[in-house]
Each structure stands twice: as structure tokens, then as C-alpha cells.
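Undergrad: Handing you this structure, nothing more for now.
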Amino acid sequence: MLGPCLQNEPNYGRTAFQPESLFAFPIPVLPVNLNRPAILLVLGGAGARVKNRSKKEEMSVAYLVEPLSAAKHRRNDFVCEFPELTEFLRKRARKEMQARASACFVLVAEADPGRIVAYYTLSQTAVVLGQLPEALAKCLPRYPQLGATLIGRLARDLAWKGKAVGRLLLIDALRRCVRHSAEVGAVVVVTDPKDDKARTFYESHGFLPLDERRMFIPMERLAGTMELGRK
């Protein structure tokens, strides 16, 4: 259901995080405190290996990001803080994928690929040119509305609370948005935070207010930062 730029990727459906590109990618979009023991991503097998390291213990977990599959993924095992996001994954996500209304991607542990750790959805939308900051708008075509990619839902299972999987999911979503924009034009990525906590999360990763509800980040900024990650 996705565009050719995603479907024709050699490793479509399974994301691998290169360590050098990850740490380059966050500047200035996803700021990382490199002085924390925190999170290191190292390439391993078909997915991303995440090491949470501290002085007392070291834990290594390998994650994969792939399209939601009714046959493979146990949707009924997923529970997050918001009942509507839990219910969406269990009952509506696959229907929306079949209707081509949105695409749903899940983060799973390599050791238990049927167990959904977290998920996000992407779909196409539009933004009004006049709502964008003048500095950005003056660089864009003068159409009343311009294409955008919407991160519609992003949720993490309660069992993985405090393990920074939300950040991993957002990185994957933004990378996917940039790749897709090469085939289907989109000038920004937008999202609609559910509450103040979610708004703060997106703000900390470079999103700006578009109106009272919606937030955005310029696609050109994301693409430029990803280019830095490849050098």
C-alpha cells in the first residue's frame, strides 16, 4: 500500500540503524546528550540493536520496525496509556491499511517478533501555505495548500515504559517520511499531540507549533540532517 520508494527498498519492512547516521541525524532535529550512559544503537543482523548501559548493568535488546501484519503480530497483547490508541491497533489499523487510508508500522523485539512494543501510523495530508512561518513559506511554491505527511498515531506498550522506544519509533517514522517525500511530495511532517506530555516530546525533537493543535517540522530540514548522517 506504500509508494515505490518504500516498496522497492532492499530491506523494505525491516529497519537497520547505522550508529554513525543515528548520532548525526539528531543534530539539530533530535538532540542527544552523549554524556548520558543512555542509549546506543549498533547495527546487528536484520534490525536495530539497542543497548541501555549503566554502571550497574548492561542490557542489549534487538528491535525491528516492520509493517503491521495480522498473521504475525499479536495485536491483542498491546496495551498503552490511552485506550483509544490500544483499540485502534487492535481493531482499526489493519482495516485502514487495507483501505489505503494510513500505513501502520510496528516496533518488535527480535527475540519475540510477534509481540508489539510500539507502533506509528503515516498518511498524506495538506497544510495551508499561510500557516507556515514566513521564512519557510517564501521558499515554497505559492499554492494555497501543500502536501504534508501526517504521523497520525504513535504509541508504546506499557511494558516498555521508560525504555526510550518512543524516540526510536519517531526516528524511524521521520526517516520513512523523508524517503517517501522523494516520490510523493511533502514539504513538512505534521502531528497532532494528544496532550501536553506528547507536545513536549515532539518539541524536544524539533517540532514547532503550526496552530493551536497541530505541530510540524520541515521536510527539508529532516532531509538535510539525514544527508549529514551519511557522510
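The values are calculated or read from the model by the stated rules, or taken from the named source; none is laboratory data. Not measured: the values here are computed from a predicted model. Note: ideal-geometry Cβ built from the backbone for every residue, glycine included; neighbour counts use all protein chains shown.
Undergrad: For the list (1) in contact with a strand residue (DSSP E or B) (Cβ under 9 Å, 6 or more places away or on another chain); (2) assigned to a helix (DSSP H, G or I), I need the number of the one condition that Arg92 fails.
TA: If we test Arg92 against (1) in contact with a strand residue (DSSP E or B) (Cβ under 9 Å, 6 or more places away or on another chain); (2) assigned to a helix (DSSP H, G or I), just (1) comes out false.
Undergrad: Right, another one. Gly185 passes all but one of (1) buried (at least 19 other Cβ atoms within 10 Å of the Cβ); (2) outside any helix (DSSP H, G or I); which number fails?
TA: The one condition Gly185 does not meet is (1).
Let's see how each residue does on (1) among the aliphatic types (A, V, I, L, M); (2) modelled with pLDDT of 95 or more; (3) under 19 Å from Pro209 (Cα atoms):
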site	(1), (2), (3)
Ala103	yes, yes, no
Ala111	yes, no, no
Leu129	yes, yes, yes
Leu169	yes, no, no
His180	no, no, no
Val190	yes, yes, yes
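Undergrad: Of the residues that make up the stretch 160-182, is at least one of a type in the set (Val, Ile, Thr), closer than 24 Å to Ala137 by Cα and touching a strand residue (DSSP E or B) at 6+ places or on another chain (Cβ under 8 Å)? Don't jump to the end; show me each part of the working.
TA: To start, the set of residues in the stretch 160-182 that are of a type in the set (Val, Ile, Thr) comprises 165, 171, 178.
From the residues that got through so far, the ones that are closer than 24 Å to Ala137 by Cα too are 178.
From what is left, the residues that are touching a strand residue (DSSP E or B) at 6+ places or on another chain (Cβ under 8 Å) are none.
The answer is no; no qualifying residue exists.
Undergrad: Right, something else. For the stretch 149-170, does any single residue satisfy the condition of being at positive phi and surrounded by 13 or more Cβ atoms within 10 Å (Cβ to Cβ)?
TA: Initially, the stretch 149-170 is screened for residues at positive phi, giving 162, 164.
Next, from what is left, pick out any that are surrounded by 13 or more Cβ atoms within 10 Å (Cβ to Cβ): 164.
Taking every residue of the stretch 149-170 in turn, at least one turns out to be at positive phi and surrounded by 13 or more Cβ atoms within 10 Å (Cβ to Cβ).
Undergrad: Quick one: what pairs do we get from the stretch 109-120, first residue without any contact (Cβ under 8 Å) to a residue 40 or more places away in the chain, second part of a strand (DSSP E or B), C-beta under 9 Å, 6+ apart or different chains?
TA: From the stretch 109-120, no pairs qualify.
Undergrad: Which number in (1) surrounded by fewer than 16 Cβ atoms within 10 Å (Cβ to Cβ); (2) farther than 23 Å from Ala103 by Cα; (3) of a type in the set (D, E, K, R) marks the one condition that Arg213 misses?
TA: Going through (1) surrounded by fewer than 16 Cβ atoms within 10 Å (Cβ to Cβ); (2) farther than 23 Å from Ala103 by Cα; (3) of a type in the set (D, E, K, R) one by one, Arg213 breaks only (2).
Undergrad: Here is a list of conditions, (1) surrounded by 15 or more Cβ atoms within 10 Å (Cβ to Cβ); (2) free of Cβ contacts under 8 Å to residues at least 40 places away in the same chain, and Thr191 meets all of them except one; can you say which number that is?
TA: So Thr191 meets the others, but not (2).
Undergrad: If Ala99 meets every condition in (1) touching a residue at least 12 places away in the same chain (Cβ under 8 Å); (2) under 20 Å from Leu150 (Cα atoms); (3) surrounded by fewer than 16 Cβ atoms within 10 Å (Cβ to Cβ) apart from one, which number is that one?
TA: The number of the failed condition is (1).
Undergrad: Go through Arg221, Arg179, Arg199 for me and flag whichever is closer than 13 Å to Thr149 by Cβ, assigned to a helix (DSSP H, G or I) and basic (Lys, Arg). Step through it out loud before you land on a result.
TA: Numbers: Arg221 fails: closer than 13 Å to Thr149 by Cβ; Arg199 fails: closer than 13 Å to Thr149 by Cβ.
It is Arg179.
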